[in-house]
Amino acid sequence: MQINVSQQLKASIGSIRNYELNEVVDIANGSSLVQGKISLMRTDRSILVKGVLHTEVEVTCSRCLSLFSYPLTLNVEEEYFPTTDVVSGASLPLPEEPGCFTIDEHHILDLTEAIRQYVLLATPMKPLCREDCAGLCPHCGHNLNQGPCGCLPREVDPHWSELNKLALASDIVVNEQKDKE
Ligand SMILES: [Zn+2]
Ligand SMILES: [Zn+2]
């Protein structure tokens, strides 16, 4: 995801170059193929990167815990600031903005970190393998998307059944006391 922009840094303000991306990028938990088109525009102080990229990440369904591919569309728009003057080789002051992206001293613009950040932002916190994912049986852990398990249907809410057990236990104590009388 590296582009040498030394020629474009010498170009006039407003000049645009288009690139087609088709590269594997290391993202959080694995590598993903990233594809799409981006344009780089020379501005008075930077190179402005704009484009739409497509990729897929491997995620875990929050209900049934199965792994599946989740497609992402990234609307990228980032400014990259040169750290070295392309003509004189002198180092340039960076803008005040914290965490801004830079073009290194060899005039390489590296999109990897930006793509990583866009992917993290676009990935859902609680992904579902499908809208109506049936999840796992709370008793045996069977994946209910693959059909019903052997567990008997239980109508009693588990919280109530705990209370029932307590109620039974206190009944026994009461009965024991009655026996002693
Ligand atoms: Zn699922
Ligand atoms: Zn079950």
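The values are calculated or read from the model by the stated rules, or taken from the named source; none is laboratory data. The shown structure was predicted, so the numbers you read here are calculated from the model rather than taken from an experiment. Every residue, glycine as well, gets a Cβ built from its backbone with ideal geometry; the counts of neighbours run over all protein chains shown. Side chains included, ligands, DNA and RNA excluded: accessible areas come from the protein's heavy atoms. Shrake-Rupley method; radii C 1.70, N 1.55, O 1.52, S 1.80 Å.
So here's what we get for this one:
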| quantity | calculated |
| --- | --- |
| Ser161, sole failed condition from (1) more than 16 Å from ligand 1 (Cβ to nearest atom); (2) at pLDDT 60 or above; (3) open to solvent by less than 60 Å² (accessible area, probe 1.4 Å) | (2) |
| Pairs where the first residue, in segment 44-69, is aromatic (Phe, Trp, Tyr) and the second is away from ligand 2 (no atom under 16 Å from the Cβ) and assigned to a strand (DSSP E or B), C-beta under 9 Å, 6+ apart | Phe68/Glu58; Phe68/Val59; Phe68/Thr60 |
| Residue match in segment 25-42 (condition: at pLDDT below 95, within 16 Å of ligand 1 (Cβ to nearest atom) and open to solvent by 30 Å² or more (accessible area, probe 1.4 Å)) | no |
| Those residues of segment 40-87 which are among the hydroxyl-bearing types (Ser, Thr, Tyr) and under 16 Å from Asn22 (Cβ atoms), in sequence order | Thr55, Thr73 |
| Residues of segment 43-72 that turn out to be more than 16 Å from ligand 2 (Cβ to nearest atom) and open to solvent by 80 Å² or more (accessible area, probe 1.4 Å), as a count | 8 |
| Among the residues listed as Leu111, Leu136, the single one being open to solvent by 50 Å² or more (accessible area, probe 1.4 Å), over 15 Å from the mean Cα position of the chain (by Cα) and touching a residue at least 24 places away in the same chain (Cβ under 8 Å) | Leu136 |
| Those residues of segment 1-24 which are open to solvent by 40 Å² or more (accessible area, probe 1.4 Å) and hydroxyl-bearing (Ser, Thr, Tyr), in sequence order | Ser12, Tyr19 |
| Qualifying residue in segment 54-70 (condition: within 23 Å of Gly99 (Cα to Cα) and aliphatic (A, V, I, L, M)) | no |
| Conditions (1) part of a strand (DSSP E or B); (2) more than 16 Å from ligand 1 (Cβ to nearest atom); (3) among the aliphatic types (A, V, I, L, M): number failed by Ala114 | (1) |
| Some residue of segment 114-125 being in contact (Cβ under 8 Å) with a residue 12 or more places away in the chain, in contact with a Leu (Cβ under 6 Å, 6 or more places away or on another chain) and open to solvent by 30 Å² or more (accessible area, probe 1.4 Å) | yes |
